[in-house]
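> First the structure, then my questions, so here it is.
Derivation of every value follows stated rules applied to the coordinates shown; laboratory data play no part. The model shown is predicted, which means the values in this text are computed figures rather than measured ones. Positions of Cβ are backbone-derived with ideal geometry, glycine not excepted, and every protein chain shown enters the neighbour counts.
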Amino acid sequence: MPVIQELHVDGGASVNAVLAPESIQNENTHTQVGECSSSAQLLKFPPAVKVRGRPRLQTKKTAIGQTRSANKMCVPYKQKRVYERTLTLVRSLVTGVRPEDVNNTNPVGPQHLRLQPDELPSIILHEDVVLSVIKPLVTPPAWKKLNSALKERRKMNLWKCSCCCKDTAETNCVECDSCLEWYHWQCVGIERAPRNEWYCYVCKMNL
Ligand SMILES: [Zn+2]
Ligand SMILES: [Zn+2]
């Protein structure tokens, strides 16, 4: 604890000075104001920075406790394994439940599925998609309603932007190679057709 002590300096005048404890212990050797170099020598500076730039990610887990992998990347739907394809479909269709919680023993009912024909995700209209992979994951009534909604949707010939939910007709659009949803260029901030695979913000967020 620093203390204020009255010091007598040359000429008889007295001044108040703030002294560190070590200065008090050594006051016999520090009788004159100005001899406080030993306190300055005790100051420690942080070590010199060896690497510049953004710090590397240290935590191995995400905020919700999932394992974080720096090497995770979006995969085109065609290259996905059956489990990943199924999860992509479930993600697009269920609402109000976590897609990861849906399984054979916990199938979702109609109340947790998007069943309005004009609200169905574009993925289930895609020619590469086999909808029956999710049949064990939904209840029989939900499966029936989903198929009749799909039939209605096919008649509509409607392709909606997954971001703004408006029709994609006569506007430049891009398809996400992972979830097979369509987006207006304007909605996802691109100005020309991507040359390689393109992944939407939802797929990047779900990594
Ligand atoms: Zn849009
Ligand atoms: Zn996507």
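> In terms of the Cα gyration tensor, with a ≥ b ≥ c the square roots of its eigenvalues, is segment 126-207 rounded because a/c is under 1.5, prolate because a/b exceeds b/c, or oblate?
Here segment 126-207 falls in the prolate category.
> Identify the GluC sites (Glu not before Pro) of segment 154-199 meeting these criteria: DSSP loop state and at most 10 other C-beta atoms within 10 Å of the C-beta.
Qualifying residues, ordered by number: Glu170, Glu191.
> For the pair Cys165 and Lys204, how long in nm is the line joining their label points, each one 7 Å along Cα→Cβ?
Reported label-point gap for Cys165 and Lys204 is 2.4 nm.
> Quick one: if you stick a label point 7 Å off each Cα along the C-beta vector at Lys145 and Gln79, how many nm between them?
3.7 nm
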